Structure formats: structure tokens, C-alpha cells
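The structure under discussion appears below in the form of C-alpha cells.
The values are calculated or read from the model by the stated rules, or taken from the named source; none is laboratory data. Everything quoted here is computed from the prediction, not taken from an experiment. No Cβ is skipped: glycine too gets one built from the backbone with ideal geometry, and neighbour counts run over all protein chains shown. Heads up: the accessible areas ignore ligands, DNA and RNA and are worked out on the full protein's heavy atoms, side chains in. Shrake-Rupley method; radii C 1.70, N 1.55, O 1.52, S 1.80 Å.
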Amino acid sequence: MDPDDRIAITDLICLHGHRVDAGERCDDLFTPDIAYDVSDLGGGVIVGTTALWEAALALGDSNPVGHHVTNIVLTEVGPDEVSARSKGIGVMADGTTGSVTYEDTVVRTAAGWRISRRKVLARRRPLGR
């Protein structure tokens, strides 16, 4: 994978937490038809950037105050598609935390790299059990 693409994709994934925590829309991080799968958290699959924004607003104060991404691993699928796996740590207003795994499909568009699919998997048990 081209080092410039690797940096751009890593920045894209990291920028999500900063933008969400600031209460900003993330339309420029996702394809317009993003499939954001939070089924493992009880929320189903959210399709589209507008629906994703509305879902975030509906959560209101139940949103984490901090989204932290780490352990990003990128695998080139093709010249315009990358599979990304990363870990997410959510910090709630009361200080409790939760851990998730993000499984992303990232595609090259005319506007640059964008996440076209994200699956959020909750970590509820240690050691992968």
C-alpha cells in the first residue's frame, strides 16, 4: 500500500473521534450511503450520513464524551479499497468506559478516501471469549 494512502486512511479513522466529540457532522469522512452497523449495540444498521447524524442526535447525553481509536490495522483489498480494523474506547460522562472493535471498508472516491461501511463490535468478555 502506498505510504501516502496509509497515512490518509489512518488520519480519516482517527479524525472520526475528534469530530464526533466536538459535535460536528462527519459527512466528509463517510460515503453518502455509509452502512454504519451498530447491531451488536442494539441499534441495527444506519444507512446514510443524514441518518447517522440523526441517530447521534437522538442519543443525546447517552453518547460517549470521548471516542478514542487505537491499534489501526490496514489491509489492501484492491487499488481503491482497504479493509481497516481498529479498537475503540468510549468514555462516558460518568467516567465509565467501553471497548469496541471497528471493522471498516474504506474506499477511494473522487474526494479522497472515505469509510463506506463500519461494523461496531462490542467487547464484553476478555481474551476473545
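Data for the structure
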| quantity | calculated |
| --- | --- |
| Per residue solvent-accessible surface (Å²) - the stretch 18-120, probe of 1.4 Å | 54 |
| Total formal charge among the other residues, if their Cβ is under 15 angstrom from that of D11, Lys/Arg +1 and Asp/Glu -1 | -1 |
| The chain, helix-only ellipticity at 222 nm - DSSP H runs n ≥ 4, -39,500 (n - 2.57), divided by all residues, nearest 500 | -7500 deg cm²/dmol |
| Pair V65, M92: separation of 7 Å Cα→Cβ label points (nm) | 1.3 |
| Net charge dipole size for the stretch 48-129 [Lys, Arg +1 and Asp, Glu -1 on Cβ; Debye, nearest 20] | 380 |
| Local net charge near D2, Cβ-Cβ under 13 Å (Lys/Arg +1, Asp/Glu -1) | -2 |
| Degrees between helix 49-59 axis and first principal axis of the chain (Cα, 0 to 90, nearest 10) | 20 |
| Percent carbon-and-sulfur accessible area, the chain, ignoring ligands, DNA and RNA, probe 1.4 Å | 54 |
| Cα gyration tensor category, rounded, prolate or oblate, for the stretch 1-107 with a/c compared to 1.5 | prolate |
